[in-house]
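The values are calculated or read from the model by the stated rules, or taken from the named source; none is laboratory data. In this text, all values refer to a predicted model and were calculated from it rather than measured experimentally. As a convention, Cβ positions derive from the backbone with ideal geometry for all residues, glycine included, and neighbour counts pool all protein chains shown. With ligands, DNA and RNA removed, areas are computed over all heavy atoms of the protein, side chains included. Shrake-Rupley method; radii C 1.70, N 1.55, O 1.52, S 1.80 Å.
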Amino acid sequence: MRIGQRAGATDTGRKRRRNEDSFVVRPPLFAVADGMGGAQAGEIASRLATEALGDSAPAGTAEERVVGLVQGANRRVYERSAEDAAVSGMGTTITLALVEDGLVTIGHVGDSRAYLVRDGSLEQLTQDHSLVAELMRSGKLSPEEAESHPQRSVITRALGTDPDVDVDVFTLEARPGDVFLLCSDGLTSMVGDDVILGAIEASRDDLDAAARTLIARANRGGGEDNITVVCFEIAEGEDAPAAEASPEETVRLPAVDAAAAEPDDEETLDELDRVPAVDTMVVPPEQAARFAARPDAPPDRLDAIGRRVLVTLAILALVLGALALLFWGLS
Ligand code: MN
């Protein structure tokens, strides 16, 4: 088994001024973090937490390493919060998935969620650490009451509020065809399970499209919060050798031909417009290489990047030429 398609997208939504969510699509690691705190603190908290996931985990089983990563992220946010009054009290949720040897290990704190789509049904894998979820679990609140509860955004566990955090961790055996989805509550508070399942099933062969559809549906439902969706599929077969995704493949410049280097403003602008903004869609280099290798995938993004490089080179050449003329004239 191997990780097949993967996608990540985030959107500010229609009511918030800032996007305080962060996400990671760095196979074999995937994560969503939803920050909170005044001013820019929420953004800082979720960013610090997702950045900390890039640190090396202490040795151990997958579950020990996942807990270690979450604890490390917690300390990172907590320490910053303690030393910087401007962001004091900030926190963030984290829901992460580590894929290894056919197993998916989930670590979870807060009210972001992990789901599994398998055999045409959707299963919520994580339990929300929120006030309403706890009231529901103890039978004090019905699902209908929970939906409109005034304190439905209150979470009971977060990273960054204490030096240590209690982390939910568990492992599932993956199967080819599984789609795992991580998301912030900006999705799940706006759309139901049926919409999530429907979007994944309808765009099963294009998870980027599925993620975009889900964000659009959450916005259509009101878009009251930042919306983040990360998903990945488990596919048949083995991972291609690392050489396939060598940087050479992605940074190699297209052969320069004079006609192509001629900047055609209209087309260039159009192509550049179609490059997704960095904050709404992240395509890591190894994914770009995969896109290039898949004949059915539209090569728009790579074309646009290639074009951008060519335009930059053309401008550079013009500037150097002008400078050379200038110096020649002066002397
Ligand atoms: Mn949120």
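To the nearest 10, the accessible area of Leu131 is 60 Å² with a 1.4 Å probe. Taken one residue at a time, the phi angles of segment 102-119 give Karplus couplings (6.51, -1.76, 1.60, θ = phi - 60°) of x, 10, 10, 9, 10, x, 8, 9, x, 10, 6, 9, 10, 10, 10, 9, 9, 6 Hz. Gly and Pro are set to x. Counting 0.36 nm for each residue step from Ser142 to Ala85 and taking away their Cα separation leaves a gain of 16.6 nm.
As a fraction of the 1.4 Å probe accessible area of segment 1-105, surface on carbon and sulfur atoms comes out at 45 percent. Once the Cα-Cα distance is subtracted from the 0.36 nm per residue extended length, the Asp162 to Arg220 segment shows a gain of 17.2 nm.
Taking only protein heavy atoms into account and a 1.4 Å probe, give the accessible area per residue of segment 109-207 in Å². Dividing the accessible area of segment 109-207 by its residue count gives 48 Å².
Only protein heavy atoms count here; on that basis, with a 1.4 Å probe, Phe327 has an accessible area of about 130 Å². Taking all protein chains together and a 1.4 Å probe, the residues Thr213, Thr93 rank Thr213, Thr93 from largest to smallest accessible area. Can you send over the carbon and sulfur percentage of the accessible area for segment 140-213, probe radius 1.4 Å, protein chains only? Answer for segment 140-213 is 46 percent, counting heavy atoms of protein chains only.
Ligands, DNA and RNA are left out, and with a 1.4 angstrom probe the accessible area of segment 1-90 is 45 Å² per residue. Return the FRET efficiency for the residue pair Val154, Ile315: r is the Cβ-Cβ distance, R0 is 51 Å, and the value is rounded to the nearest 0.05. In this case the efficiency is close to 0.45.
Computed over segment 93-248, the percent of Cα pairs more than 25 Å apart is 36. Backbone phi angles across segment 23-36, fed through the Karplus curve with coefficients 6.51, -1.76 and 1.60 (θ = phi - 60°), yield HN-Hα couplings of 8, 10, 10, 9, x, x, 10, 9, 7, 10, 9, 10, x, 9 Hz in residue order; Gly and Pro are listed as x.
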